[in-house]
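Every read-out reported here was derived from the displayed coordinates using simple, explicitly stated rules and does not represent laboratory data. Since we're looking at a predicted model, the values are computed, not measured. FYI the Cβ positions are ideal-geometry reconstructions off the backbone, even for glycines, and counts take in every protein chain you see.
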């Protein structure tokens, strides 16, 4: 079967209406990251380049395009929280992507209640069914293949506390689909949701 391919080299442009890169590598979990500045101001922002990277110790990470308040706060305090974005929280998550002055909290802007963390001194989204409390392990400024620095910062954190709504634990197993997580697609504002009907299982060979 012959496949007709659209090929491009990124440095020459993609010749499409919208950059397809983040639509190809999709859908992706959303890094809904809360931080606290050393002066006490709270910040909450969604990052579409986010994932888990290690089991023991558990490590998650996200990339910030530009050195934003989130990265600065984590450098200052060494702590952050990740809150799961679900279908019911999608609109509020979108609100927290607004550009606000550093002294204004996205929690207040989006009308979100603060959840108290148990291990670190950073609040999370109280309504989120799954929360990861993290301590900074690494902050890395990315480079291109030519070795030149890119204005993107990779933040890695070790998970030191986990919150799970027990409604989503079935027979001792966390049920991913029951929480109806929302994931980021491509385009200007494409998202996807997961529900139980989409689940299938494969046994490893």
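Of note:
- Equivalent ellipsoid dimensions for region 22-66 as semi-axes, Å, which come from the Cα gyration tensor, largest first: 22, 16, 8
- Separation in nanometres of the label points that stand 7 Å from Cα toward Cβ, at residue 8 and residue 99: 2.4
- With Rh defined as the Kirkwood radius, the inverse of the mean 1/r over Cα pairs, the Rg/Rh of region 85-179 is 1.04.
- For region 99-146: rounded, prolate or oblate by the Cα gyration tensor [a/c cutoff 1.5]: oblate
- Look at the alpha carbon pairs under 8 Å that are at least 6 residues apart: their mean separation over the length of the chain gives a relative contact order of 23 percent.
- Between residue 25 and residue 150, the FRET efficiency estimated from the beta carbon spacing at R0 = 22 angstrom works out to 0.85.
- Build a GNM of the chain with springs between Cα atoms under 10 Å apart, and of 107, 53, 80 the one that fluctuates most is 53.
- Whether the chain is rounded, prolate or oblate, judged on the alpha carbon gyration tensor where a/c under 1.5 counts as rounded: oblate
- Ordering 154, 93, 1 by the number of other Cβ atoms within 10 Å of each residue's own Cβ, fewest first, gives 1, 154, 93.
- Dividing the helix sum by the residues of the chain, where each DSSP H run of 4 or more adds -39500 (n - 2.57), gives a mean residue ellipticity at 222 nm of -2500 deg cm²/dmol.
- Stokes-Einstein diffusion coefficient of region 1-85, Kirkwood radius over Cα pairs, 10 °C, 1.306 mPa s, in µm²/s: 102
- FRET efficiency, 1/(1 + (r/R0)^6) with R0 41 Å, evaluated for residue 142 and residue 170 via beta carbons: 0.60
- Structure remark: mean-square fluctuation, Gaussian network model of the chain, C-alpha springs under 10 Å; the largest value among 97, 39, 137 belongs to 39.
- Within a Gaussian network of the chain (alpha carbon springs, distance under 10 Å), most fluctuating of 140, 30, 120: 140
- Stretch gain in nm, segment residue 127-residue 56, where the contour uses 0.36 nm per residue and the Cα spacing is subtracted: 22.8 nm
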